[in-house]
């Protein structure tokens, strides 16, 4: 099975910087792999173990510094890595991002069977990029995936969280899945994995490489744009009491009774 | 782009397997009515997928809630949600009726469906909005938290329909009867030659519906890392029972196996707005507070007086949960 794994680097800081265009400044900010993409990676590796002859190609869209994250994921047992990177991609919303990543997958891995994404990224928290990629490739999607039940050449059986319970679904490949589970133990990279990952070539895809025009990329290719950004202010009045246990109990009781 | 989209606001009415319409629809409807006024009194319409005959059961509710037109698709297959069928049919409906705005609840289903619709229509979609308004140019101004709630961003859309999703419990339902003569329009189910490539082979309903319990709870007590272990959560449960509260948890507590994922409140869990929220042993990471900061009154109990939770609490009690709560339960 040919698996495309899509991951994202997210800022690991509370110090968020914005550009003049009110988009997020990514250069110079320390970054980590999006936590949900770790679960996606674990699930992709699990499928690779179950279906012999499988390979995983990791895709990420971002600046050159995302290469370090790709090397870490290669060390876990992924086979190839693609960095989709071009200044023209800056400011892309989920529509433009879906268009760009789907093009890159089409270009590099046209005969893919499965695309694995995290359910959402903790920075934007939209949960839209996965379905957006699936839309551009006209393939079915399964979101909120908990676990894999069975993997075969042409179908996958998965459990997923619906609003009212847990569904077991069978999807015909090629398909895209978004992984929600929080239950996998993240794998530690093997020493020889780290060594071989450091030697692997990371393929870089620019706008020209994937055959997209500038009008379809980045801010230009995005139907939405940030008109203003502002700090979130709390409207609670932050009274703090440091008292003995009995007084604390009395205060708690008084507040609960008074507000009930 | 000239606005040829003038058929008002379209809302996706999510119907669950038991046949109930998700409350997020009524919350969106109330907000949409307000937006429609600002747009000069445009229609507020709904789209729903039903099993044959099922629409009759909803007619009164739609009329009482003031929905102008209901577009419905009827088919045996629509007992369960289908990404492929629903998105294809809604895309056709939108192309034909040209709404100015389309709203979808940010439930698991809505978050699965909305990006497929916006993608196929090549229009913009703003996720998990906490504020919707009409700006001076008549555009939908969709405000949402970003970067774990540290910043709010107001997002505009260059294309039509301007689409947005909103989480349950962000807007309020209008309890007032808003009766209108609703027009019910059955739409043709044009799915010839299309087979859903995703097949549901088994479904297990949530046994204990913690999700709905939290959604409608007047009082919530929630536990975090500071409750340490199962004994801490047992104590939390006793506290909850004593005051008639529902139990919530942070992501860390869920990852520690102390509470089910369905009890998780915050960025990756539920958004709740009870009258009283009591945060116990919760440090107040933004990932958590984003899901509870709109509660009417927040009480925090934490032994770290510098915990950020105290910055957003109305009443902060610096103290040990394991000392205060057993004493509270004695009385």
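For the stretch B:77-172, the relative contact order comes to 33 percent (Cα pairs under 8 Å, sequence separation of at least 6). Reported to the nearest whole Å, the Cα centre-to-centre distance from the stretch A:49-114 to the stretch B:109-157 is 26.
Here chain A yields Rg over Rh of 1.07, to two decimals, using C-alpha coordinates and the Kirkwood radius. In plain terms, the residue of B:65, B:256, B:292, B:102 with the fewest other Cβ atoms within 10 Å comes first and the most crowded comes last, giving B:256, B:65, B:292, B:102. Cβ crowding within 10 Å ranks B:160, B:85 as B:85, B:160, fewest other Cβ atoms first.
Counting Cα-Cα pairs of the stretch B:9-187 in 10 Å increments starting at 0 gives whole-percent bin shares of 10, 41, 38, 10, 1. Of the beta bridges in the protein assembly as shown, as assigned by DSSP with both residues counted there, near 35 percent are antiparallel. For chain B, the longest principal axis of the C-alpha atoms and the axis of helix B:321-330 are separated by about 90°. In plain terms, the residue of A:136, B:322 with the fewest other Cβ atoms within 10 Å comes first and the most crowded comes last, giving B:322, A:136. Looking at the square roots a ≥ b ≥ c of the eigenvalues of the Cα gyration tensor of the stretch B:210-330, which shape do they give, rounded for a/c under 1.5, prolate if a/b is larger than b/c, or oblate? Rounded, because the longest to shortest axis ratio a/c is under 1.5. Calculated translational diffusion coefficient of the protein assembly as shown (4 °C, 1.567 mPa s; Stokes-Einstein with Kirkwood radius over alpha-carbon pairs) equals 52 µm²/s. Here r is the Cβ-Cβ distance between residue B:56 and residue B:135 and R0 is 45 Å; the resulting FRET efficiency, rounded to 0.05, is 0.70. For chain B, the longest principal axis of the Cα atoms and the long axis of helix B:83-97 meet at an angle of about 50 degrees.
Mean separation of Cα pairs under 8 Å and 6 or more residues apart, divided by the residue count, gives chain B a relative contact order of 15 percent. Averaged over the residues of peptide B:154-163, the number of Cβ atoms from other protein chains lying within 10 Å of each residue's Cβ is 4.
Across A:175, A:44, A:214, mean-square fluctuation computed from a Gaussian network of chain A (C-alpha pairs under 10 Å connected) peaks at A:214. Kirkwood Rh over Cα pairs of the stretch A:67-143 into Stokes-Einstein at 4 °C, 1.567 mPa s: D in µm²/s? Rounded to a whole number, D works out at 95 µm²/s. Helix B:23-38 and the long axis of chain B differ in direction by around 60°, with both axes built from C-alpha atoms.
Peptide A:143-149 is shielded by partner chain Cβ atoms: per residue, an average of 2 of them sit within 10 Å of its Cβ. Largest GNM mean-square fluctuation among A:202, A:166, A:33, using chain A with Cα springs under 10 Å: A:166. Looking at chain B, the DSSP beta bridges with both ends there are about 20 percent antiparallel.
Computed from the alpha carbon atoms alone, the convex hull of the stretch B:264-331 holds 84 Å³ per residue.
Spatially, the stretch A:128-182 and the stretch B:1-55 are offset by 27 Å when compared through their Cα centroids. In percent, rounded to a whole number, the relative contact order of the stretch B:123-246 is 18, using alpha-carbon pairs under 8 Å and six or more apart.
Would you work out if the stretch B:98-226 is rounded, prolate or oblate? Take a ≥ b ≥ c from the square roots of the eigenvalues of the alpha-carbon gyration tensor; rounded if a/c is under 1.5, else prolate when a/b is larger than b/c, oblate otherwise. The shape class here is rounded. Helix-only arithmetic for chain A: the sum of -39500 (n - 2.57) across DSSP H runs with n ≥ 4, divided by the residue total, places the mean residue ellipticity at 222 nm at -8500 deg cm²/dmol. The GNM of chain B, with springs linking C-alpha atoms under 10 angstrom apart, assigns the highest mean-square fluctuation among B:319, B:281, B:105 to B:319. Mean silhouette area of chain B, derived from the convex hull of its C-alpha atoms and averaged over all directions, reads 18.6 nm².
No lab work stands behind these numbers, since they all come straight from the coordinates. Source: prediction; values computed, not measured. Backbone-built Cβ (ideal geometry, glycine too); neighbour counts: all protein chains shown.
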